[in-house]
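Worksheet: one structure, shown below.
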Amino acid sequence: MKIGVLALQGAVAEHISMLLALNTEGVPIRLPSELHSLDALVIPGGESTTISKLLSDYHLMEPIRELASQGFPIFGTCAGMILLAKKVPDLDFEPIGAMDIEVKRNAFGRQVDSFEADLTVPALGDGTFHGVFIRAPVIDKAEPGVEILCQLGDNVVAAKQGKMLACAFHPELTDDLRFHRYFLNLATGDALAESNYR
Ligand code: GLN
């Protein structure tokens, strides 16, 4: 498998390392032509306003929207999740709009810009997942068809829809490979994707 990691800004190298640890090739993507021959795409965290502007400037927005509309597997972490949403009230640019979710940016407020929390993610099996939250968003609304994978209190912080996966935190900043493995299973259409960890 060959997985593209959008490399306009943000935690690109960390995602590529996670993929490598799963014996999967991760390639940085900066040009529309590099989207060809990929099996899936990761959109890393960073600053969603900046990334969405660069997506337009580098003519990547439309090709990625097109891929998303064909059910192409995409994993967005933090700012990547913001970009995958259909609706983001305070974003200056149009998001990619691939998932039927409404996302609120910087949802945990300034006083907790960054924090870490052990999360329960039933789809990943037993054992909590260490969530690293950095000026993190939350999913405010999700249409039917979106499956909630994780909540932190009342806040929805991870979800999937078809082969799209989104989380508000940064699995690539831990050494826990389960979220990336889950995405690879989703991408390959592994029928066992959801039961692999149980
Ligand atoms: N707060 C950032 C934004 O709104 C996201 C932060 C992150 O990706 N760690 O884009």
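The values are calculated or read from the model by the stated rules, or taken from the named source; none is laboratory data. Given the structure is predicted, the values throughout are model-derived calculations rather than measurements. Note that we place each Cβ from the backbone using ideal geometry, even for glycine, and neighbour counts take in every protein chain shown. Surface accessibility is based on the protein's heavy atoms, side chains included, excluding ligands, DNA and RNA. Shrake-Rupley method; radii C 1.70, N 1.55, O 1.52, S 1.80 Å.
Residues that are of a type outside the set (Ser, Thr, Tyr), at negative phi, surrounded by fewer than 24 Cβ atoms within 10 Å (Cβ to Cβ) and touching a residue at least 12 places away in the same chain (Cβ under 8 Å): does the stretch 76-85 have at least one?
Scanning the stretch 76-85 turns up no residue that is of a type outside the set (Ser, Thr, Tyr), at negative phi, surrounded by fewer than 24 Cβ atoms within 10 Å (Cβ to Cβ) and touching a residue at least 12 places away in the same chain (Cβ under 8 Å).
Which residue out of 93, 133, 129 is in contact with a Lys or Arg (Cβ under 7 Å, 6 or more places away or on another chain) and either farther than 18 Å from residue 182 by Cβ or not hydrophobic (A, V, I, L, M, F, W, C) (or both)? Spell out the reasoning first.
On the way: 133 fails: in contact with a Lys or Arg (Cβ under 7 Å, 6 or more places away or on another chain); 129 fails: either farther than 18 Å from residue 182 by Cβ or not hydrophobic (A, V, I, L, M, F, W, C) (or both).
After applying the criteria, what remains is 93.
Pick from 108, 93, 133, 72: which is on the phi < 0 side of the Ramachandran plot and open to solvent by less than 20 Å² (accessible area, probe 1.4 Å)?
133
Here are 17, 37: which of them is among the small types (Gly, Ala, Ser) and modelled with pLDDT under 95?
Details: 17 fails: modelled with pLDDT under 95.
Testing whether each residue is among the small types (Gly, Ala, Ser) and modelled with pLDDT under 95 leaves just 37.
Just the residues that are more than 13 Å from the ligand (Cβ to nearest atom), at pLDDT 95 or above and farther than 19 Å from residue 175 by Cα, please, taken from the stretch 102-143.
Those that are more than 13 Å from the ligand (Cβ to nearest atom), at pLDDT 95 or above and farther than 19 Å from residue 175 by Cα: 102, 139, 140, 141, 142, 143.
For the stretch 1-21, what are the residues that are in contact (Cβ under 8 Å) with a residue 40 or more places away in the chain and crowded, with 16+ Cβ neighbours inside 10 Å?
First, pick out the residues of the stretch 1-21 that are in contact (Cβ under 8 Å) with a residue 40 or more places away in the chain: 1, 3, 6, 8-11, 14-15, 17-19, 21.
3, 6, 8, 9, 10, 11, 14, 15, 18, 19, listed by residue number.
Tally the residues that are surrounded by fewer than 22 Cβ atoms within 10 Å (Cβ to Cβ), part of a strand (DSSP E or B) and either among the acidic types (Asp, Glu) or touching a residue at least 12 places away in the same chain (Cβ under 8 Å) (or both), restricting the search to the stretch 139-148.
Here the count works out to 4.
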